[in-house]
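Structure record follows, encoded as structure tokens.
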Amino acid sequence: MRILGIETSCDETAAAVVENGTRVLSSVVGSSLSFHRKYGGIIPEIAFRKQLETIGQIVDCAINESGVQLKKMDAIAVTQGPGLAGSLLVGISFAEALALTSTKPLIRVDHLSGHLYSAVLSGQRKIRMPVIGLVVSGGHTGLYVIRSFTDIELLGSTQDDACGEAFDKVAKILGLGYPGGPVIEKLASAGDRNAIRLRCSNTKEPFDFSYSGIKTAVLYYAQKNRLGTYAPEGHKPDTGRIADVCASFQDAALRALVEKTLAACRCKRIRSVVVGGGVAANQVLRDMFAAASKQNGISATFPSQEHCMDNAAMIAGIAYHLSRGKT
Ligand code: KG4
Ligand code: ZN
């Protein structure tokens with residue numbers, strides 16, 4: 001079964017063709033990131049205008065690269081949410097029109113389920129259900145029990161900022177640009193993670209997350225020590241101390257993810273984890289999970305780097321299971 005997937009929930013415009021849920025025949029991702037950079041975050045107006053301009057070409061490109069004609073596809077899948085309203089509308093209306101004119105069924109897919117599926121898509125190993133799922137992206141941070149890809153239960157989620165959002169905001173405070181994750185990871189490698197005492201706030205519910213407190217702690221530290229955007233004009237950036245802030249923040253932010261995921265595994269007596277979303281690209285997070293998994297007899301599966309960020313292959317992949325009503 002071949003499914004054409006379309007994803008436009010944030011700044012990316014993506015299309016992909018996936019066969020039988022795992023074989024990626026094509027995956028094309030266009031991004032308007034360069035147009036947002038100077039504003040320090042995603043501007044929804046710019047995102048959906050760029051998506052309107054490019055969606056036709058990107059879908060054509062994915063179809064051509066897959067070598068499967070549109071008339072030979074079995075279904076069209078599209079992200080229905082959550083995401084930016086205007087951006088979602090571009091993808092949904094395009095997919096609806098395409099499904100109507102090509103008389104294909106349209107499968108509507110939850111974006112977060114797509115992220116949870118992305119580790120399966122990368123296909124290094126077979127994942128046995130049930131698993132604990134962790135979505136950690138720019139807009140969401142949540143823990144799930146996945147019994148099948150049509151039976152996903154939310155255990156807890158962030159009560160304020162998402163983890164990726166905290167990376168982006170901390171980078172902004174330190175004057176490092178957008179997006180924050182990759183640059184913080186890079187600078188952190190030269191810093192001391194024990195230099196500054198930072199930790200994520202406790203939450204009332206054990207599987208919820210909170211990232212706004214740690215972000216504010218970095219803000220106060222930067223103000224007090226005149227770092228990043230708080231440095232006096234004309235001063236040379238204190239790169240050593242900025243690296244220490246990055247390392248200390250990254251360590252605390254990622255440690256909370258690992259600790260809560262392992263606690264969920266213990267509570268639900270589940271020994272397998274899948275991780276998805278942009279922050280899953282972080283190598284330190286992968287190493288932390290690898291070490292903790294070994295100690296606790298748990299296996300953690302991550303997507304390939306290209307499937308961490310928003311993409312349409314994860315949407316077409318999970319749509320295969322949704323269309324069949326089972327895993
Ligand atoms: O999943 P994604 O592409 O978009 C959403 O659905 O939100 O994730 C983007 C987020 C951004 O916040 C970005 O800073 C973060 O993922 N990110 C990272 C890394 N690469 C991207 N965070 C930490 N470390 C990274 N290497
Ligand atoms: Zn996403």
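Brief remarks follow.
- In summary, helices (runs of 4 or more DSSP H) completely within the stretch 184-300 and bearing 3 or more residues that are in contact (Cβ under 8 Å) with a residue 60 or more places away in the chain and over 28 Å from HIS111 (Cα atoms) occur at 239-268.
- Test: ALA243 is under 30 Å from ILE152 (Cα atoms) and crowded, with 16+ Cβ neighbours inside 10 Å: no
- Of the residues making up the stretch 273-294, those that are at pLDDT below 95 and either β-branched (Val, Ile, Thr) or touching a helix residue (DSSP H, G or I) at 6+ places or on another chain (Cβ under 9 Å) (or both) are ALA292, SER293.
- Selection from the stretch 301-320 of residues that are in a helix (DSSP H, G or I) and touching a helix residue (DSSP H, G or I) at 6+ places or on another chain (Cβ under 8 Å): GLN305, HIS307, ALA313, MET314, ILE315, GLY317, ILE318
- Enumeration of residues in the stretch 66-99 that are part of a helix (DSSP H, G or I), hydrophobic (A, V, I, L, M, F, W, C) and out of contact with any Phe, Trp or Tyr (no Cβ under 7 Å at 6 or more places or on another chain): LEU70, ALA85, LEU88, LEU89, ILE92, PHE94, ALA95, ALA97, LEU98, ALA99
- Evaluating GLY191 against the criteria (1) over 30 Å from GLY21 (Cα atoms); (2) open to solvent by less than 30 Å² (accessible area, probe 1.4 Å); (3) near ligand 1 (Cβ under 10 Å from one of its atoms) leaves one unmet condition, (3).
- Single unsatisfied condition, ASP161 versus (1) modelled with pLDDT of 95 or more; (2) assigned to a loop (DSSP other than H, G, I, E, B); (3) farther than 19 Å from ARG199 by Cβ; (4) within 12 Å of ligand 1 (Cβ to nearest atom): (3)
- In the set (1) within 21 Å of GLY114 (Cα to Cα); (2) part of a loop (DSSP other than H, G, I, E, B), the condition left unmet by ILE146 is number (2).
- Evaluation of ASN194 against (1) farther than 15 Å from ARG241 by Cα; (2) out of contact with any His (no Cβ under 6 Å at 6 or more places or on another chain); (3) at pLDDT 95 or above (one fails), failing number: (1)
- Residues of the stretch 302-321 classified as crowded, with 21+ Cβ neighbours inside 10 Å and farther than 23 Å from ILE58 by Cα, total: 1
- Residue that is at pLDDT below 95, within 16 Å of ligand 2 (Cβ to nearest atom) and small (Gly, Ala, Ser), where the choices are ALA47, ALA15: ALA47
- Checklist (1) closer than 25 Å to GLY142 by Cβ; (2) surrounded by fewer than 21 Cβ atoms within 10 Å (Cβ to Cβ) applied to GLY277, failing item: (2)
- Among the residues of the stretch 173-183, at least one is aromatic (Phe, Trp, Tyr), within 16 Å of ligand 2 (Cβ to nearest atom) and outside any strand (DSSP E or B).
- Close pairs from the stretch 155-174: first without any contact (Cβ under 8 Å) to a residue 40 or more places away in the chain, partner in a helix (DSSP H, G or I), Cβ under 7 Å, at least 6 apart: ALA171/GLY180; ALA171/VAL183; ALA171/ILE184
The values are calculated or read from the model by the stated rules, or taken from the named source; none is laboratory data. Note that the coordinates shown come from a computational prediction; the quantities given were computed from them, not determined experimentally. Neighbour counts run over all protein chains shown; Cβ positions are idealised from the backbone, glycine included. For the accessible areas, the whole protein counts, side chains as well, though only heavy atoms, and no ligand, DNA or RNA atoms are used. Shrake-Rupley method; radii C 1.70, N 1.55, O 1.52, S 1.80 Å.
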